[in-house]
Structure formats: C-alpha cells, structure tokens
Amino acid sequence: MIRNCISALAIGIVMTSTAVAEDIVDIAAQVAAAGHDVPSPGVLKRACDQDALCAARFIRDRIGDGAAIVPAEPKDKKSGWTKSAPLHHVSVGTDGRMIIAPRRFDERAIVAALARARGSGEVFSTLVIDLRKLDKADSTDNMRRTAALFTGMQDRAFQLTYATGRAVDWTVPKPQRKVDGFRLEVWTDHEIDADAETFAALLRKFANARIFGEDSRAKGYLKTTVPVTHGWALEIPTGRISVPGVDLTGGLLVDGRVPE
C-alpha cells in the first residue's frame with residue numbers, strides 16, 4: 001500500500017514537472033512567433049528549472065524596453081467590445097464641449113454622433129475625443145481611419161517597426177467625410193495603448209488638437225500578452241509606432257489636466 005502511494009506521488013511529480021516544462025516551451029514559442037529572438041527552451045529550463053514565471057522574467061529582461069510581467073486578467077473576463085455599442089458615451093455640456101468617449105475606433109459612429117447632435121440643435125464649440133475608455137483590443141488600421149476624419153489624408157503619417165526589424169510606412173487615408181468647424185481636444189490617461197497614443201499625436205500634429213489628462217506610458221509599443229502562470233502574464237512588444245517629428249519614447253506628453 002505504501003509502495004503504491006509512493007509510486008503514485010512520484011508519477012504526479014513527474015507529470016506536474018512535465019506540464020510546467022511544456023508551459024516554458026509554449027511561452028518561448030509564442031514570444032518567437034511575435035518576432036523576438038529568444039533562448040531555446042533548453043536554456044530556459046537550465047536557468048529556471050521548471051519555473052515558468054522565472055522563464056518569463058528571463059525573456060522580459062532579454063527583450064528589455066517594452067516587455068513586462070503584468071497581472072493576468074481572469075480567463076473568463078471578456079472585453080465584449082464586438083457586441084457593445086462603439087461609443088461608451090456622448091454628451092454635450094454647458095461649457096461648449098461635446099464629449100465622445102469611444103469603446104473602439106469607429107469613424108462611422110463618430111460621424112453619426114456629430115450628425116445627431118447637430119440635428120437636435122445641440123451647440124458646441126469644442127469636440128472632445130475621450131480615449132480613457134478605449135478598448136485595447138482595437139486595431140491600428142481602425143485608428144488611422146478614425147484619425148482621418150480630423151486630419152484628412154496624410155501620406156507616410158507614421159511608421160510601424162515590427163519586432164523582426166521590418167519597418168512599414170502607414171498612410172492616413174482620405175476620409176469619406178472630413179469633420180471640422182470646432183476646436184479639438186483629446187483626453188488621455190496613463191493606461192492608453194500605442195494606437196491611442198498615435199491617434200492623439202496625429203490629431204495634435206495635423207488637426208491642432210490639444211491633449212489633456214495624464215502622460216501615457218505605452219511609448220509607442222504595440223503589445224501582445226502571453227499567459228505565464230495563474231495570475232501573471234508576459235507582455236511583449238510586437239512593434240513600435242513612431243510619428244515623424246513627435247517624440248513618443250517617453251510616452252505622449254499632455255498639454256494640461258482634463259478641464260473640470
């Protein structure tokens with residue numbers, strides 16, 4: 001009986017170690033798929049034994065700037081943005097500001113919101129795009145198409161350098177309709193991602209927008225998240241956006257606090 005228990009315990013330990021080792025292999029594979037040069041799973045195992053979190057830290061330190069160990073969201077948590085309305089809220093205040101807080105970049109939804117406000121006789125002199133509720137699952141392509149509403153077409157407006165080293169120039173396309181006739185503000189916070197940083201930078205550069213809120217921390221890095229262990233994940237850059245004439249290396253700097 002005792003011998004059987006010992007055998008079962010030994011098998012359990014081997015199976016657990018094998019599962020953890022497979023986690024390390026999977027982490028390395030996902031990081032490599034994102035374009036990074038990572039140590040072989042054998043090197044990671046020798047450095048960290050069977051500790052997946054140690055391996056993630058090893059990779060983070062090797063990548064350097066843009067990589068981080070972050071708290072992991074619960075597996076059953078979903079953004080749900082594909083099923084929700086594209087705008088979090090729209091309001092027109094007595095201070096002459098119309099505030100649009102998008103859940104995702106959607107140029108049609110913004111045009112429709114402006115049309116409804118003007119059609120109902122709402123008067124505003126400043127349009128605010130509040131990026132603080134923006135879902136981070138959005139896309140760079142949606143961002144540039146939404147920016148086009150305010151900037152018009154801009155050739156080679158920004159460059160995306162992938163983790164592989166390949167650099168691609170992106171154009172802000174010609175919009176179906178350009179919206180204007182008001183002052184423009186963008187509201188941000190520390191947590192906005194690189195697409196939101198770029199959107200704000202483009203509107204500041206090409207549409208004279210002022211930016212209020214908190215300096216951002218994304219520093220132009222587009223990121224993906226690799227699950228590591230229960231409660232922790234490895235965040236790695238898949239590319240970095242740069243806007244000619246704009247320094248995003250320290251994040252996006254604001255012009256002041258959000259107006260009260």
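Derivation of every value follows stated rules applied to the coordinates shown; laboratory data play no part. Note that the structure is predicted; figures quoted are calculated from it, not measured. Because the Cβ atoms are built from the backbone with ideal geometry, glycine has one as well, and the counts that use them run over all protein chains shown.
For region 25-39, putting each phi into the Karplus relation 6.51 cos²θ - 1.76 cosθ + 1.60 with θ = phi - 60° gives couplings of 4, 5, 4, 4, 5, 5, 5, 5, 5, 7, x, 9, 7, 10, x Hz, in residue order, rounded to whole numbers and with x for Gly and Pro. Couplings 3J(HN,Hα) for region 106-122, derived from phi with the Karplus relation 6.51 cos²θ - 1.76 cosθ + 1.60 (θ = phi - 60°), are 8, 5, 5, 5, 5, 4, 5, 5, 5, 5, 5, 5, 5, x, 8, x, 5 Hz, where x marks Gly and Pro.
The slack between Lys178 and Asn208, meaning 0.36 nm per residue of separation minus the straight C-alpha distance, is 9.3 nm.
In this calculation the C-beta distance from Ser125 to Asp169 is compared with R0 = 35 Å, giving a FRET efficiency of 0.50. Annotation: amide H of Gln154 within the under-5 Å range of Val172, sequence separation 5 or more or interchain, hydrogens built in the peptide plane. Positive end of the dipole of the chain (Cβ unit charges, origin at the Cα centre): among Pro227, Pro41, Met143, the Cα lying farthest that way belongs to Met143.
Sequence-distant contacts, meaning Cα pairs under 8 Å at least 6 residues apart, place the relative contact order of region 83-229 at 20 percent. Model label points for His190 and Gln50, set 7 angstrom from Cα along the Cα-to-Cβ axis, are 3.7 nm apart. Placing unit charges on the Cβ atoms only, positive for Lys and Arg and negative for Asp and Glu, gives the chain a dipole magnitude near 560 debye about its Cα centre. Let me check against my output: what whole-number percent is the relative contact order of the chain, with C-alpha pairs under 8 Å and at least 6 apart? Value for the chain: 18 percent.
Only Cα pairs under 8 Å and 6+ residues apart enter the sum, and on that basis the relative contact order of region 130-184 stands at 35 percent.
For Asp215, the residues whose amide H sits under 5 Å from its own are Val254, ignoring neighbours fewer than 5 places away on the same chain, with H placed 1.01 Å from N. What label, among [x] -0.49, -0.74, -0.81, -1.25; [y] -0.24, -0.50, -0.60, -1.23; [z] -0.33, -0.59, -0.69, -1.17, belongs to log10 I(q)/I(0) by the Debye sum over Cα atoms at q = 0.07, 0.10, 0.11, 0.16 Å⁻¹ computed from the structure on display? Label of the calculated value: [z]. Highest-first packing order for the peptide set 32-40, 47-55 is 47-55, 32-40, based on the mean count of other beta carbon atoms within 10 Å.
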